[in-house]
Amino acid sequence: MSDLVNEDDLERARRDPEFRQQLLADNLERLLQALNDMRKVPDNKSRDAARQIREGVDLAVKLAERLQRDNQGGPRAA
């Protein structure tokens, strides 16, 4: 899978639940790695860095919740 998600990936994810799960899991892993890298940067104390880390954490939580919900067969948005 390429680094960036393209339109074909999104279309396939709409049709293929297993691919969607893997796409979400892969991107959650990438996001967590990026957050960990940002945390290690010496100048991450700026307001912008703190805001970006908070936004990244919020997104990671949403991705994790979606992965968990989809694994349990919960309701899906169209």
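Values in this text are rule-based calculations from the coordinates and carry no lab data. Note that the coordinates shown come from a computational prediction; the quantities given were computed from them, not determined experimentally. Cβ coordinates were reconstructed from backbone atoms using ideal geometry, including for glycine residues, and neighbour counts include every protein chain displayed.
Are there any pairs with C-beta distances below 8 angstrom linking a residue in the stretch 11-37 that is under 15 Å from VAL61 (Cα atoms) to a residue that is assigned to a helix (DSSP H, G or I) and among the β-branched types (Val, Ile, Thr), with the two at least 6 apart or on different chains, and if so which? That search, which allows pairs on different chains as well, returns LEU35/ILE53; LEU35/VAL57. Does the stretch 28-40 contain any residue that is surrounded by 13 or more Cβ atoms within 10 Å (Cβ to Cβ) and within 15 Å of ASP70 (Cβ to Cβ)? Yes, the stretch 28-40 contains at least one residue that is surrounded by 13 or more Cβ atoms within 10 Å (Cβ to Cβ) and within 15 Å of ASP70 (Cβ to Cβ).
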